[in-house]
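Here the structure comes first, spelled out in structure tokens, and everything after it is commentary.
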Amino acid sequence: MGWAAFKQFLYGLTGYEFVRHALEVRRELEAVFIVVTMGDLIGVPVLPPIYSLRLLPYVVPEIANWKRQMARRKEFWEKEEYDLHGV
Amino acid sequence: MNTLLAVIIGILTVYLAYTRYARRIDRNVIQSDPKRATPATLYMDGVDFMPTNRNILFGYHFKSIAAAGPIVGAIVAASLWGWLPALVWLVLGVSFMGWASDYSAIVLSVRNEGNSLSAVAYRLVSPRTRTALFLFIFFYLLLIAGAFVGIMAQVMDGQPKTPLGIILLVAMGLLLGQMLYRWKMGLLGATIITVGITFLGILLGPLPAIEGVFKGLNEALNAMTGGTPIVTYFDPTLAGFKGAEAKIMPSLLFWAIAICLFCYAGSVLPIWRMAQPVVYVGFWITATAMVLGLGGAAVATVVRPEVAQFQIPAFKGWNPQLGPAGIMPLWPMLFVTIACGAISGWHALIGTVGTARQIENEADMLPVGAGSMFAEFLLGLLALLAVSVGTKAPSPPATFANGLGGFISVWGVPVQYAVSLAFAAFIVIVLVVTQLIFRVMKITLTEWLGEVILPLRNQHVASFISVALAILLVLTGTWIYLWQLFGAANQLMAALSLLLVTVWLASVGKDWLYAGLPMIFMYLTTVASILVTAYNLYFNVYQPNLVAGRVIPVVGSGLMVLVAILLVVAALLIAVDGWRAFMKHLRRPAPAPGPAHARG
């Protein structure tokens, strides 16, 4: 194991969890935003389509992931996966 | 026997098991293919499914699985049967079962679109297996919470040099959360400040003035009842298993409640506010102690031979005479007393929902899954060494702290400070895990019964009930039985995980023996161990306290017997369903998955 690999290992032990948590929080916020603005895509009309269409170009890159996330069944311990560490 | 020899045995075990057995299974049975697309690359969403470098993932997975389990288990086992059976089980367990369980769970998830264990169980075995998994998880958490709160309260009460470091750890965890998420400080600076202050607190703990404050506090608390215990009960595991009246003094109850309050806060506050940063600060404390300890154990034979010689007997017998504590046969009890470090079901649960979805390349499954398990084995080995060389102390944790402190002192740290660091490391590693356990118990309770009992949807109600149940278990006093029951639940989860792997291997026409044989051994062993523990609890704790008319220990031990029965019932249901599924797939093996998706 070289020095670079050791640094990556150390990062995995320490800061990586904070990064994952930050990404998770951002994803949750974005998911709510897309539901509110693009709810029509999954049959939840919330916003008049004119506004949805104006926002569409900004949201397009995230739509595929968002739909997959909405459709995927999650076990309760997956939602709190970070909480389980070290048990 | 000395520590250098044990460290060499440990390193040889890792080398031989990894290169001669694990790699062969990976190459010939699983046939991991670096060109096959993994769920992380197929379903990349930037969060859950995220291709991640193997070194980072190794660190992440190791941190996720390594905690108090391998430490406490080795301590208890060495004090019950001697160091030799504990060492043999650690070596054989990790070589033939532990790595196979962790690695295979990750393989199972990677080859099944990143599905969790319960989702695979639902599909391959039966829908009710998922319900059984629920049952396992809740009682597993309850048992471990009771065992950990009990052991921590005893150390905090009996070692006045420890509380200052722990109080500062909690304060620094809160401060770190504020620094990172509110003040947007850099991780490095925040780490130096918070971890540095916590270390300072640990090192100041043994000063007579500081120790005197906590000693005075305990005495003042005990004076409130005039030195009379709050609860008295018969505990057959006390006084070297001769049995004695256990007395819950006000100071012990105070520390148990303080720990529970801390865990309650960790359970109800946002995770970034308390639980996550406390775990992070705690990690540095324990990692420092462990690295210094493992290094010290390796060089102590040359530098300070007097701390490297084993002090406890190698073997105390197949069924040590425990008097009123009942029976404690080496088989099956050793194999559940040491759970993590040899094999653990919890790793499989974490591996499937977390790590498997970040595997970038199938060739990474072995170094990450098996590699982390072997690293945890070394942690268990360190705990075994520490307790084996430790001078005799009133409790196993104190013996462990003396031993680990001896290893750390090899580096020039004064012994009293080294022992203080070892005590703090032990408490920290247990404490941070316990707060997470209460957090997950709250969620489990809400998910399980929230639809039927509406108040359980309130997080304060769910957290309070979890804490109250754990305290009830603590008041039974027999935490060794509690620990063994937890170990059995954990090992049954490992057997379940291996069962799923076996059924899956049969369903795709692969050789299933490397997972099937450990599964059969673990299944039979854990069911037998639960029955032995239930017997001990009923005849040696429940009945004597019933005769004496003591309500709290009767309720507590009765609850533990009930949990044991539920675990056996769940295990039998899973075995029946698993056998049916296995035979179905064995007769008509499904075709192996088609060609790999092309990787870009």
Quiz item: Which value, in Å² rounded to 10, gives the accessible area of residue B:420 with a 1.4 Å probe and all protein chains present?
Solution: 10 Å²
Practice problem: Take the solvent-accessible surface of the protein heavy atoms, probe 1.4 Å, and return the percent of it on the protein assembly as shown that carbon and sulfur atoms account for. | Solution: 69 percent
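Counting other Cβ atoms within 10 Å, which trypsin sites (Lys or Arg not before Pro) in segment B:289-393 have at most 10 and lie in a DSSP loop? Provide the component values of the computation, followed by the final result.
Values: sites: B:316, B:357, B:392; in loops: B:316, B:392.
Answer by residue number: B:392.
Add +1 for every Lys or Arg and -1 for every Asp or Glu among the other residues with Cβ under 12 Å from the Cβ of residue B:221, and state the total. Walk me through the numbers on the way to the answer.
Working: positive: B:215; negative: B:157, B:219.
Within the 12 Å Cβ shell, the charges total -1.
Can you give the charge dipole size of segment B:23-108 about its Cα centre, rounded to the nearest 20 debye, using +1 on the beta carbon of Lys and Arg and -1 on the beta carbon of Asp and Glu? Please report the intermediate quantities before stating the final value.
Numbers: 7 positive and 5 negative charges, 62 e Å.
Charge dipole, segment B:23-108, about its Cα centre: 300 debye, nearest 20.
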Self-check item: Selection from B:445, B:514, B:204, by position along the positive dipole direction of the protein assembly as shown (Cβ)
Solution: B:514
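About the Cα centre of chain B, how large is the charge dipole given +1 on each Lys and Arg Cβ and -1 on each Asp and Glu Cβ? Please answer in debye to the nearest 20.
Details: 33 positive and 20 negative charges, 171 e Å.
Once rounded to the nearest 20, the dipole reads 820 debye.
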Quiz item: Any idea which of B:353, B:293, B:491 is furthest toward the positive side of the dipole for chain B, if Lys and Arg beta-carbons carry +1 and Asp and Glu beta-carbons -1?
Solution: B:353
Self-check item: chymotrypsin sites (Phe, Trp or Tyr not before Pro) within segment B:172-244, DSSP loop, no more than 10 other Cβ atoms inside 10 Å
Solution: B:183
Exercise. Please work out the Cα convex hull volume for chain B and give it in Å³ per residue.
Key: 152 Å³
Quiz item: Summing -39500 (n - 2.57) over the DSSP H runs of n ≥ 4 in chain B and dividing by its residue number, what mean residue ellipticity at 222 nm do you reach, to the nearest 500 deg cm²/dmol?
Solution: -23000 deg cm²/dmol
Exercise. Place a +1 charge on the Cβ of each Lys and Arg in the protein assembly as shown and a -1 charge on the Cβ of each Asp and Glu, then give the dipole magnitude about the Cα centre in debye, rounded to the nearest 20.
Key: 940 debye
Quiz item: Top to bottom by accessible area (1.4 Å), largest first, where do B:460, B:585, B:61 land?
Solution: B:460, B:585, B:61
Quiz item: Which of B:63/B:442; B:35/B:510; A:7/B:35; A:67/B:63; A:7/B:184; B:35/B:63 have a Cα-Cα distance over 25 Å?
Solution: A:7/B:35; A:67/B:63; B:35/B:63
Self-check item: Restricting segment B:1-45 to trypsin sites (Lys or Arg not before Pro) in coil, as DSSP defines it, with at most 12 other Cβ within 10 Å
Solution: B:35
Quiz item: Quick one: Kirkwood hydrodynamic radius for segment B:443-600, alpha-carbon pairs, angstrom, one decimal?
Solution: 18.5 Å
Practice problem: Quick one: which residues, 5 or more positions from residue B:52 or on another chain, have an amide H under 5 Å from its amide H? H modelled 1.01 Å from N in the peptide plane, none for Pro or chain starts. | Solution: B:360
Quiz item: Among the aspartates and glutamates, which fall within straight-line cross-link reach of residue B:247, defined as a Cα-Cα distance under 17 Å, with same-chain neighbours fewer than 8 residues apart omitted?
Solution: B:157, B:219, B:235
Quiz item: What is the distance in Å between the Cα centres of segment B:125-149 and segment B:385-432?
Solution: 32 Å
Practice problem: Per residue of segment B:458-469, in order, report the coupling 6.51 cos²θ - 1.76 cosθ + 1.60 (Karplus, θ = phi - 60°) as ³J(HN,Hα) in whole Hz, putting x for Gly and Pro. | Solution: 6, 5, 5, 5, 4, 5, 4, 4, 4, 5, 5, 5
Self-check item: Rounded Å value of the spacing that divides the Cα centres of segment B:232-300 and segment B:21-79
Solution: 27 Å
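Hey, what's the protein assembly as shown come to in accessible area per residue, 1.4 Å probe, Å²?
38 Å²
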Quiz prompt | chain B: angle of helix B:396-409 to the longest principal axis, Cα-based, in degrees nearest 10 | solution = 90 degrees
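For segment B:235-381, what D do you get in µm² per second when you plug the Kirkwood radius from alpha-carbon pairs into Stokes-Einstein at 25 °C and 0.890 mPa s? Kindly include the intermediate steps, with their values, before the conclusion.
On the way: Rh = 20.2 Å.
After rounding, the answer is 122 µm²/s.
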Quiz item: Ballpark to the nearest 100 Å², how much total accessible area do B and A bury together, probe 1.4 Å?
Solution: 4300 Å²
Exercise. Rounded to whole Å and sorted largest first, list the principal axis extents of the Cα atoms in segment B:24-164.
Key: 56, 35, 32
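The values are calculated or read from the model by the stated rules, or taken from the named source; none is laboratory data. All values derive from a computational prediction rather than experimental measurement. Counting neighbours? That spans all protein chains shown, and the Cβs are built from the backbone with ideal geometry, glycine included. The protein model used for the area step is the full one, side chains on, heavy atoms only, and it has no ligands, DNA or RNA in it. Shrake-Rupley method; radii C 1.70, N 1.55, O 1.52, S 1.80 Å.
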